Amino acid sequence: MDLLQRFRSPDRSFYPTPIWWWSGERLDADRLRWQLERLVAGGARNFVIMNLLPEVPDIGKSRDDPPLFSEQWWGFFEGVCRDAEELGASIWLYDQIGHGGANLLGEVTGRNPEATGMELERAVVEIDGAGAVECPPAGTPLAAALVGRDGTLRPVEVEGGAARASGSGRLMLFYTVPRGLDFFSPAACGELIRTAFGPYEERVPERLGKLIVGTFQDELPPLQTWSADFAERFRQLAGHDLVPRLAELWEDLSPDSCRVRRDFHQVRGRLAEEA
């Protein structure tokens, strides 16, 4: 096929892929068929089926009817699969991880608290003489340091959830708080994938990779900044110890501060990609 003909008759994977909201009113098989015919007639031979509020009402809207993955919902979904196959269209799935009301991250961490992620934060106080900085009640202390007026960095011991030091400068306590899913954990990510896509594998396995050609992600949650083994993994991958230099994630304290931050984000990305 020559180039011009390929543009005249492109594969359907190159057609527009609109989001098809299954929200706002109760689903109806005839109406779904009519909408699908209109999509195809308008040149959209791919579409993303998205449930905005699969579990709970929100933003002034009622919960999707029927609920996602209910027996009634599967009846509509399987009917649309047959219609799409007949009309020469492809289906994309929405993973419900970001935008939407499914709360899959909470579902996974509720079943397995060890799948919870961590955020690295800091508390800072200015001191001139003796001073202390305390870890917030929800935090777990990690390390502390005093950054002098001249930019020197001195480690400080943490005892009883607080760091105490004498000097002049900014006393910093670094701590972690539990938040979201541990995207650095292969086990946690595997459980999330099974939660999001396992129902399709169980119900319509023959459609996956054929009629159902891909998945769509939207407004993904921020990638976490810490985990239980992050310091050790950082040492292995970056070749130096991050904990004594945590202050440099926020401030330029040496010619290598930019390298510390670069290594930090590279390790975050690599761990998440591997997981």
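The values are calculated or read from the model by the stated rules, or taken from the named source; none is laboratory data. Since we're looking at a predicted model, the values are computed, not measured. Here the Cβ is made from the backbone with ideal geometry for all residues, glycine too, and neighbour counts use every protein chain on show.
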Item to check | Options Gly161, Gly148, Gly110, Gly117: the member that is free of Cβ contacts under 8 Å to residues at least 40 places away in the same chain and either under 17 Å from the mean Cα position of the chain (by Cα) or not assigned by TED's automatic domain parsing to the domain that holds Phe264 (or both) | outcome: Gly110
Checklist outcome for this item: Counted residues in region 253-263 being over 13 Å from Thr152 (Cβ atoms), surrounded by fewer than 16 Cβ atoms within 10 Å (Cβ to Cβ) and in contact with a Lys or Arg (Cβ under 9 Å, 6 or more places away or on another chain) come to 1
Next on the checklist: Pairs please, first residue from region 12-41 and outside the structural domain of Glu86 (by TED's automatic domain parsing), second anywhere and in a helix (DSSP H, G or I), Cβ atoms under 6 Å, 6+ apart in sequence or on different chains.
Outcome noted: none
Next on the checklist: Can you pull out every residue in region 21-34 that is more than 10 Å from Pro66 (Cα to Cα) and modelled with pLDDT under 95?
Outcome noted: Trp21, Gly24
Checklist outcome for this item: The condition of being touching a helix residue (DSSP H, G or I) at 6+ places or on another chain (Cβ under 8 Å) and among the charged types (D, E, K, R) holds, among Asp150, Asp182, only for Asp182
Checklist outcome for this item: Flagged pairs (Cβ under 8 angstrom, 6 or more apart or on separate chains; first in region 65-82, assigned by TED's automatic domain parsing to the domain that holds Ile97 and among the charged types (D, E, K, R); second in a helix (DSSP H, G or I) and at pLDDT 95 or above) are Glu78/Arg203
Next on the checklist: Given (1) of a type in the set (Gly, Ala, Ser); (2) assigned to a loop (DSSP other than H, G, I, E, B); (3) within 20 Å of Cys81 (Cα to Cα), identify the lone condition not met by Ser13.
Outcome noted: (2)
Item to check | Tally, over region 75-89, of residues that are outside any helix (DSSP H, G or I) and among the aliphatic types (A, V, I, L, M) | outcome: 1
Next on the checklist: Regarding region 170-193, can at least one residue be identified that is of a type in the set (Val, Ile, Thr), under 20 Å from Thr116 (Cβ atoms) and in contact (Cβ under 8 Å) with a residue 24 or more places away in the chain?
Outcome noted: yes
Checklist entry - Filtering region 101-135 down to residues that are in contact with a strand residue (DSSP E or B) (Cβ under 7 Å, 6 or more places away or on another chain) and part of a loop (DSSP other than H, G, I, E, B), which residue is surrounded by the fewest Cβ atoms within 10 Å (Cβ to Cβ)? => result Gly101
Checklist entry - Which residues, taken from region 204-246, are more than 24 Å from the chain's Cα centre (by Cα), surrounded by 13 or more Cβ atoms within 10 Å (Cβ to Cβ) and in the same structural domain as Leu52 (by TED's automatic domain parsing)? => result Val204, Arg207, Leu211
Checklist outcome for this item: Here the residues within region 210-235 that are farther than 25 Å from Gly98 by Cβ and not in a helix (DSSP H, G or I) are Lys210, Asp229
